[in-house]
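Here the structure is laid out as C-alpha cells; the discussion comes afterwards.
The values are calculated or read from the model by the stated rules, or taken from the named source; none is laboratory data. Remember, it's a predicted structure, so these values are computed and weren't measured experimentally. Positions of Cβ are backbone-derived with ideal geometry, glycine not excepted, and every protein chain shown enters the neighbour counts. These area figures cover heavy atoms from the full protein model, side chains too; ligands, DNA and RNA do not enter into them. Shrake-Rupley method; radii C 1.70, N 1.55, O 1.52, S 1.80 Å.
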Amino acid sequence: MALVAVVFFALTRAALATPQYAAQAGRTCDSCHILPDWDTPKLAHQKRNMSCGTCHVDPAGGGMRTASGRYYGRATLPMIATSPRPQDDWDRNFPGVGRRDKATPYESYLPVGPRNLEQAPAYRDSIDDKWAWGTPKGMTPDTPFPGRHFKLNNDPMLRIGGDFRFAALFSASSLVFPMQADVHTAVHPVHHATLLMNVGARGQSSGYSDTIDDSHTPYFRELFAMTHEWPYQSYAKAGRFVPAFGLKLDDHTTRTRREFELDTSLPETRVLGVEAGFVAAYPFFQASYFKMKNKFEQPDPWDIFDVDDGWGTAFNAGWRDLGWSFGASALMRRRPLDQGGDTDTYAVYASLNPWYFWQNIPLTLQGEIDTGTSQRASGLDQKKLVMYGEVDWSAWNGVTLLTAYDWADPDRDVIDDESGRLQIGAQLTVYPGVTLDSRIRYLSVATPTGSDTDFFTQLHVWF
Amino acid sequence: MHKTPTRVLKSQLRACVLLLVIAGALAGCASGDKTLDAVDPNAVALNPTFDQVNAIIHNKCVMCHDSGSGGEDNGGGDYLRLEGDMQPFETCTQIVAEAESILERIQDNTMPPGAMPRLSSEERLIIQRWVENDRPAPCNPTP
C-alpha cells in the first residue's frame, strides 16, 4: 500500500480539481486577460496569483466565479472557445476544432483591452454579459475595469451563477442521480463590499424524488458578507461558509475532505463564523473562528445562526506561485463529547505545473497529506492519516486525462480499516460551461475480497 | 540572482520528492493490529439499538436496497435500476431478516459495492454487536 501511495504521489495531480485549473492557468497570462501590454498595478493590488480567489468570489474557493474565472472557462478550458484563446494554446486545439496557427500574431485580429482605467470607458459598449448587471460605486485604479476579459462585465453590481451536476454510477447496481444544484448570487453595491449567497439542493444518490423531498432542498450552502479587494487582496467575511483548509477539491468524496468533516456536499460541514486573510501575489494566509452544529445534526437550512455549544478555528497559509504552490493548514474543533468531541487536523499540500516551465510538458500535479485526531464516543483519541495525489495531462484544449489516488487509514490503532482508491479518467469540456467527467475507480481494501471497481460519470453544467 | 525556469523546476521537483518520501514513510508506518472491539470496547454502545442500525443501513445501503429492489424500476422518476437478486432493506422486518447476511457482507468489505466507501469500524461494530445481541428491534421484540 505504501509503495502504491508513493508511486501515485510521484506521478500525481487532478480530479475535478479546480486547484488543477489554477496551477495550469499560470503558464499563460491570456488565460485570464485580453493580452496586450497594460499598466501593471502596484504589487499590493495585483491579482496575478493562483489563489482560489482569483477565479472565485469566495477567497476560499468554489462556487460563483469572478470575471477571471469565467474568462478562463470561455477561453482556455473548452474545446470550442467563445473568447479569444490564449496564444500559446493556438496549436493545441482538438483535431478538427478551431485553428492551429500559433504563428499568427496575436494582435492581428483579436480584440485588445484597455491599458488603464482612463481607457476603460471606451470598452463599456462592447460588454455583452447575460449573467451580470451594473457597476458598483467607487471604482478605483485597482478595480477590475471593462475590456480586460473580452465581453464580460469585470466588476458587476449583481451577478447570478450556477453549478448543476448530474451523475451516474455503474457497479453491482446502477444509479443515476442529481449531485448538485446550486444557484449563486453576488450583490456588490460598492467597491470593497459583497454579499454572497449560494442556495443549493442536498443531492441524494438515491434519486431525484429523495433530493427534492430532502429537508435541505433548498438551503443556504453559503451566505456571507465580505469586505475585500483591499491591498494584497486582503479580505474579511462573516456568515455561513466552509473554513479554508487544504486543497478544496470539488471531488467531495476524497478522503482528505470526508474524514475531517469537510465534505463540501454536506450541510453539516457549514459553519457560522468569521474568516480574514490575504491572498496576495504570492503568499497567502487565512484564519477563521467559527461555531457549528453538533456533528450528528444538520444545521437549519435557512437559519445560519443554528449552532451548538462548540467552537472551532482554522488556519491556512503558504505560497501560490504561477507554476507551483505549497501550503499548510490546521483546523481544530472543541465541543462536548456528545456533540462529536474534539478534533485536530493538520495538512500539507503542494502543486507543480511543469508546463509553466516547459511548454512541451502539459502535466499538472497536486497532492495533500492530512493527519489528525478525533474523539471516539468513549472519549479516547482516534488517530487518522489520509493522503491524496493527482496527475493531469492536458492532451488538447478541452481534453484532460487524469489519474488520482487517495488513501486513508481512519483509525491508526485498528487493523484492516485502511483503503485506497485509484481513479483513471477524462474530463471533456466541449463548450464553455459544459464538462463531462468520467472515470474508472478501483477501491482497494484490506480484505482482498472487498476490493472492487466501478465507473462514475458526471455532467457538470456551470455558468 | 534570477533563477532560471529549469532551476526552479528542479527545486520544486526536489520538494515533490521530499513530499513523497514523507508520504511513503507515513503510509509505511504499521497500522494497528487489533480490532476496534479490542482497542476501545467503549467506542460504541454495548447494546446498540435498532435505531442506530437503521440509521447506518439507511445512509449506506438503502440507496440501492430500496423498495424498488428485485429488478424493477423503483418509480418516482428516479431512473434507479437494480440487479434482480438484490434484497430491500427499507423495513424493520427486512433488516432483521437479513441481519446476518448484512453483517457478513460488510465485514468482508464486499458491500457497499464498487469504489463506494465501506463502512467505518464503528459502524461495523454497532451492527456486529446488534446481531450478537439477537437483533433487538420493534419488529423483533423478544429475540
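Among the residues of region B:109-143, how many are over 16 Å from A:Ala172 (Cα atoms) and either facing chain A (nearest Cβ under 10 Å) or at pLDDT 90 or above (or both)?
Qualifying residue count, region B:109-143: 21.
List pairs: first residue in region A:445-457 and within 7 Å of chain B (Cβ to nearest Cβ), second residue of a type in the set (Phe, Trp, Tyr) anywhere in the structure, Cβ distance under 9 angstrom, at least six positions apart or on different chains.
Sorted first by the residue in region A:445-457, then by its partner, the pairs are A:Asp452/A:Tyr442; A:Thr453/A:Tyr442; A:Asp454/A:Phe170; A:Asp454/A:Tyr442.
Hey, any hits in region B:43-62 for a residue that's outside any helix (DSSP H, G or I), more than 12 Å from chain A (Cβ to nearest Cβ), touching a Lys or Arg at 6+ places or on another chain (Cβ under 9 Å) and at pLDDT 80 or above?
yes
Restricting to region A:394-437, give me the number of residues that are assigned to a strand (DSSP E or B), acidic (Asp, Glu) and over 20 Å from A:Ala22 (Cβ atoms).
Qualifying residue count for the region: 1.
Looking at (1) farther than 30 Å from A:Leu443 by Cβ; (2) of a type in the set (A, V, I, L, M); (3) in a loop (DSSP other than H, G, I, E, B), find the lone condition where A:Ala172 falls short.
That leaves (1) as the condition not met.
Is it true that A:Trp90 is of a type outside the set (A, V, I, L, M) and modelled with pLDDT under 85?
Criteria met by A:Trp90.
If I go through region A:334-378 residue by residue, how many of them are over 30 Å from B:Pro41 (Cβ atoms), more than 8 Å from chain B (Cβ to nearest Cβ), in a loop (DSSP other than H, G, I, E, B) and open to solvent by 10 Å² or more (accessible area, probe 1.4 Å)?
4
Within the bounds of region B:8-29, is there any residue that is within 22 Å of the chain's Cα centre (by Cα) and either surrounded by 18 or more Cβ atoms within 10 Å (Cβ to Cβ) or modelled with pLDDT of 85 or more (or both)?
yes
Go through region A:93-128 and report how many residues are surrounded by 12 or more Cβ atoms within 10 Å (Cβ to Cβ), farther than 25 Å from A:Asn153 by Cα and modelled with pLDDT of 80 or more.
Of the residues in region A:93-128, 2 are surrounded by 12 or more Cβ atoms within 10 Å (Cβ to Cβ), farther than 25 Å from A:Asn153 by Cα and modelled with pLDDT of 80 or more.
Of the residues that make up region A:193-200, is at least one over 17 Å from A:Gly239 (Cβ atoms) and open to solvent by less than 30 Å² (accessible area, probe 1.4 Å)?
Filtering region A:193-200 for residues over 17 Å from A:Gly239 (Cβ atoms) gives none.
Checked region A:193-200: no residue is over 17 Å from A:Gly239 (Cβ atoms) and open to solvent by less than 30 Å² (accessible area, probe 1.4 Å).
Among the listed residues B:Val96, B:Val131, which satisfies the condition of being touching a strand residue (DSSP E or B) at 6+ places or on another chain (Cβ under 7 Å) and either open to solvent by less than 50 Å² (accessible area, probe 1.4 Å) or over 27 Å from A:Asp406 (Cβ atoms) (or both)?
Result of the check over B:Val96, B:Val131: B:Val96.
Any residue in region A:176-189 that is at the interface with another protein chain (Cβ under 8 Å from one of its Cβ atoms) and buried (at least 17 other Cβ atoms within 10 Å of the Cβ)?
Yes, region A:176-189 contains a residue that is at the interface with another protein chain (Cβ under 8 Å from one of its Cβ atoms) and buried (at least 17 other Cβ atoms within 10 Å of the Cβ).
Please find, within region A:256-271, the residue that is farthest from A:Asp406 (Cα to Cα) out of those that are outside any helix (DSSP H, G or I) and open to solvent by 30 Å² or more (accessible area, probe 1.4 Å). Before the answer, list the steps.
First pass over region A:256-271, keeping only residues outside any helix (DSSP H, G or I): A:259-266, A:270-271.
Within this subset, residues satisfying the condition of being open to solvent by 30 Å² or more (accessible area, probe 1.4 Å) are A:259, A:261, A:266.
Numbers: A:Glu259: 12, A:Glu261: 16, A:Leu266: 20 Å.
For region A:256-271, the residue satisfying everything is A:Leu266.
Only one of these conditions is not met by B:Thr110: (1) farther than 15 Å from B:Val62 by Cα; (2) open to solvent by 20 Å² or more (accessible area, probe 1.4 Å); (3) not in a loop (DSSP other than H, G, I, E, B). Which number is it?
(3)
Please find, among A:Pro231, A:Pro218, the residue that is modelled with pLDDT of 90 or more and over 26 Å from A:Thr343 (Cβ atoms).
A:Pro231
Which is surrounded by fewer than 19 Cβ atoms within 10 Å (Cβ to Cβ), more than 8 Å from chain B (Cβ to nearest Cβ) and modelled with pLDDT of 95 or more, of A:Val434, A:Val430?
Being surrounded by fewer than 19 Cβ atoms within 10 Å (Cβ to Cβ), more than 8 Å from chain B (Cβ to nearest Cβ) and modelled with pLDDT of 95 or more holds for just one of A:Val434, A:Val430, which is A:Val434.
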